Amino acid sequence: MRWLKLTLWALAGLALLLALTAALYTTRAMPVIDGELRVAGLQQAVRIERDPHGIPTIKAQNQHDLMFALGFVHAQDRLWQLETHRRIGAGRLAEAFGEGALESDKFLRALGVRRAAAAQWARAGPEARATVQAYTDGINAVIAQHVRARPPEMLILGVALQPWDPVDSLAWSIMMAYDLGANWSAELLRLRMALKLPAQRIIQMMPPYPGEKPLVTADYAALYRALKLDASTATASLDRQLDRLMAAAPPAGIEGLGSNNWVVAGSHTSTGTPLLANDPHLKLTVPALWHFVRLEAPGIRVAGATMPGLPLVVLGQNEHIAWGFTNTGPDVQDIYIERVHPADANLVQTPDGWAPLKSFTEVIKVRGKPDVTITVRESRHGPVISDAGVHDDLLGNKSRTAYVLAMRWTALDADVDTVGVALAMNRATDVATFIEAAKGWVAPMQNMVVADKSGRIGWVAPGRIPLRKPENDLKGYVPAPGWDARYDWVGWLGSDALPQLRDPPRGWIATANQRVVEADYPHYLTSEWEPPYRQQRIEQLLGAKAKHSIDDLARMQADVKSLAAVEILPWLQRARSDHPLAAAAHKALEGFDGTMAADRAAPLILWAWQRQLTQRVFADELGAALFERAIGARTFRTGLFEVLQADDAWWCDDKSTADAAETCAQLNDAAFGAALDEIRSMQGDDVSGWQWGRAHQARSEHRPFSRVKLLARWFELRTPVGGDSFTVNVSRVLYRPDASTGELYLDDHGPSLRALYDVADPKNSRFMHSTGQSGLPWSKWYSTFVHDWVNVEYVPLWGSDPPMATLEMLPAAN
């Protein structure tokens, strides 16, 4: 028995030691936010006051120290997030995450994000350079002097602390533009579809904006056949290679990725002065993409949402104005098919003959594996994105490369000055100076609404828009032959020609990624606007009252009525099935008006039916592999509606069967029965107990531990939500099963930030993001916002409570 007692005492001692070690570690990993701290790099004293939500108010005596302290605070609260942002921009994820991130790194190296950022840094103006450098120095002061214990992700993965570089900030700004850029992925999707379908069928599956005619282009499917890109020819399986390329690329052009904003003039508000609302819809992550701050220094007082990695308030309010963004979604990315010389793989055809590609050697470190060396290249149009690991046999015979794919994209231009322009917008004093400052904005093109204290409101959509030649018969809609000069860009749309509006008679301006220009607008921006359902609902709500309060605007941000659901609902109501739960399901649909409430069964039935029907209508024509790849980014809901409305027999016939042609009604009935089977497997036989929110959960993904089952529960954040991909309170519905868990209908994109601004009375301004201020899972500020976010509640933008912690930062003694 003595040995047993000794063993128990030893185990108890070990448990105590582990508990003490864990307690010591979690304490030391927390940042110092109270008291006095000597910091090398400061010019004068800085005061950082934290409110009960962890939001810092930074009070500095000069601009350098203000930006230094912002970098310092970002590193204190979000050190691991900064590390992931740096690695994404540099294509260095595999070094930390292992071989699973290698293909993504290859794509990012081929795209040349960090090369472009380095070129932009070399050309940055004095103010932008000083700002980014001060911010960088603040981050590095924490890394070098004030990290007592590394974040848990670094410990678990064995990642060492490394200094931040100014180029890392510019690379992250490019990645945010990439996140909001959709055209290139749509071009590649059409290319892939054109290998299977005629162009007219592709238009039916991806129809134009409601009320518009399809963009008139050349027959691109015939063009690709003439180039012998057809996957059935002997020149190689383009379909398979493009699948690899799209799998390697970080997601872009995702349905449900957008934003809402609206600004209401004083003539239509209860205060008699303007009110402004904004909620950008981005990837839900933990920690959130946004970090709230309040910045004060001589000549500047601004509060709002920052992004760790960038030295500025992206969205917010200063003493004079408030502003908010949505994505315009212009066509500023073109894919070029570059023809490779049959005897020299480093030569491509141009209008003036054969020309060499620029080559760069990239060495990618892979955790636990040997380094991987790749060669990436640039054509006269831009980076050769097909060099992302498939350049050896892409688009041609396996013994040689017949073609490569290059991307022309405005965000990669060397003269982009995102930081300099944003700083000028942060300092704007009225609508006019804000719009003037925005003229220098390049990418991503945004719908910027603004209001000032004098009562003016405005909207401008700044960005660098390429001019295409009249003879360009592909119009940037699909990949174009790179050797044909008619497809080259010939300049830029002047800033004065970009759309803008000031003080409209109707008394409000709203954007929700819909078509923002009238039919008579003389310049081409894009043909791929987002469906107008959110915009239509916003207009309904704005028109429902003569005057709106800031609380009315909050109720609008909470609205979960889906006009898309209302539109397609009649076809679900017509569906018939002998399924034992069919009668109960139809009863659950009674009285359903498109309100996507989390506690209702009807939204779940609708989306499960839509998913099953979409698969039955389109998958046989596309093939299983292409359909599964495409359905990850979009639902083809508009195309499905068009098929149902036309009762299109060609699409509804199942091409995989040799029996009599199936009808749309038969597919509708079959989809309804399959949807009931699917939901029963998830939530049981009691239809009255089915709930949309049990399946549709907002998941804030943790990089990388959401993919590690044992760790996901400690790092990932989830909460049931209502809404869908088309509601004002948007919550993107995932059609494809989650890669980690196999779950359907999760929400991974939503209102990453909600903000309401009262320009006349700033104490009424308020905001909220989706997680919390801290990136440490045991911090009380890791998930403190989740409850308020899901319930569409807010915290004060400018703060109202006394600070709960105050850090006095003093320059270190020489």
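Structure values in brief
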{"quantity": "Label corresponding to P(r) over Cα pairs in 10 Å bins from 0, in percent when calculated from the structure given, among [x] 2, 11, 16, 17, 17, 15, 11, 7, 3, 0, 0; [y] 2, 13, 22, 25, 21, 11, 4, 1, 0, 0; [z] 2, 12, 20, 23, 19, 13, 7, 3, 1, 0", "calculated": "[y]"}
{"quantity": "Per residue accessible area of the chain, 1.4 Å probe, in Å²", "calculated": "37"}
{"quantity": "Considering only the chain, percent of DSSP beta bridges that pair antiparallel, nearest 5", "calculated": "90"}
{"quantity": "Burial order of peptide ranges 497-504, 599-606 (average beta-carbon count within 10 Å, highest first)", "calculated": "599-606, 497-504"}
{"quantity": "Ordering of 438-444, 714-720 by packing [mean C-beta count within 10 Å, highest first]", "calculated": "438-444, 714-720"}
{"quantity": "Net lengthening on full extension, residue 666/residue 346 (0.36 nm per residue, minus Cα-Cα)", "calculated": "109.8 nm"}
{"quantity": "For region 746-811 and region 159-179, distance of Cα centres in Å", "calculated": "24"}
{"quantity": "Most to least packed among 776-789, 327-340, 742-755, 288-301 [average Cβ atoms within 10 Å]", "calculated": "327-340, 742-755, 288-301, 776-789"}
{"quantity": "Helical mean residue ellipticity (222 nm; -39500 (n - 2.57) per DSSP H run of 4+; nearest 500) of the chain", "calculated": "-11000 deg cm²/dmol"}
{"quantity": "Carbon and sulfur %, accessible surface of region 490-551 computed with the full protein complex present, 1.4 Å", "calculated": "50"}
{"quantity": "Contour minus Cα-Cα distance for residue 493 and residue 761 (0.36 nm per residue)", "calculated": "92.7 nm"}
{"quantity": "Cut-off 20 Å (backbone N to label point 7 Å along Cα→Cβ of residue 200), residues of region 658-673", "calculated": "664"}
{"quantity": "Listed residues 621, 590 arranged by accessible area, highest first, probe 1.4 Å", "calculated": "590, 621"}
{"quantity": "Point-to-point label distance, residue 658-residue 213, nm (Cα→Cβ direction, 7 Å offset)", "calculated": "4.4"}
{"quantity": "Pairwise centroid distance, computed over Cα atoms, of region 539-591 with region 488-519, Å", "calculated": "30"}
{"quantity": "Relative contact order computed over the chain (Cα-Cα under 8 Å; 6+ residues apart), in percent", "calculated": "19"}
{"quantity": "Extension reserve of the residue 812-residue 502 stretch, reckoned as 0.36 nm per residue once the Cα distance is removed", "calculated": "106.7 nm"}
{"quantity": "Accessible surface of region 1-151, 1.4 Å probe, proportion on carbon and sulfur as whole %", "calculated": "62"}
{"quantity": "Accessible area in the full protein assembly, largest first, 1.4 Å probe, for 114, 408", "calculated": "114, 408"}
{"quantity": "Integer Hz, Karplus 6.51/-1.76/1.60 couplings in order for region 601-615, x for Gly and Pro", "calculated": "7, 4, x, 5, 4, 4, 6, 5, 5, 4, 5, 5, 5, 4, 5"}
{"quantity": "Calculated FRET value between residue 551 and residue 61, using beta carbons and R₀ = 25 Å, to 0.05", "calculated": "0.10"}
{"quantity": "Cβ-derived FRET efficiency at R0 60 Å, residue 709 paired with residue 649, nearest 0.05", "calculated": "0.85"}
{"quantity": "Note, ³J(HN,Hα) from phi for region 757-770, Karplus 6.51, -1.76, 1.60, rounded to Hz, x at Gly and Pro", "calculated": "10, 10, 6, 7, 9, x, 5, 8, 5, 8, 7, 6, 10, 8"}
{"quantity": "Simple label model, 7 Å out from Cα along Cβ direction - residue 319 to residue 149, nm", "calculated": "4.3"}
{"quantity": "FRET efficiency for residue 160 and residue 743, using Cβ-Cβ distance with R0 set to 30 Å, rounded to 0.05", "calculated": "0.30"}
{"quantity": "Calculated from backbone phi, Karplus (6.51, -1.76, 1.60) coupling profile of region 105-119 in Hz, x at Gly/Pro", "calculated": "4, 4, 5, 5, 5, 5, 5, x, 4, 6, 4, 5, 5, 5, 5"}
{"quantity": "Cα-projected label distance for residue 20 with residue 432, points at 7 Å along beta-carbon direction, nm", "calculated": "7.0"}
{"quantity": "Under 20 Å from residue 561, Cα to Cα: lysines that are on another chain or at least 8 residues apart", "calculated": "545, 587"}
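The values are calculated or read from the model by the stated rules, or taken from the named source; none is laboratory data. The model shown is predicted, which means the values in this text are computed figures rather than measured ones. Don't worry about glycine lacking a Cβ; one is built from the backbone with ideal geometry, like all the others, and counts go over all protein chains shown. The area values use the complete protein model at the heavy-atom level, side chains included, leaving out ligands, DNA and RNA. Shrake-Rupley method; radii C 1.70, N 1.55, O 1.52, S 1.80 Å.
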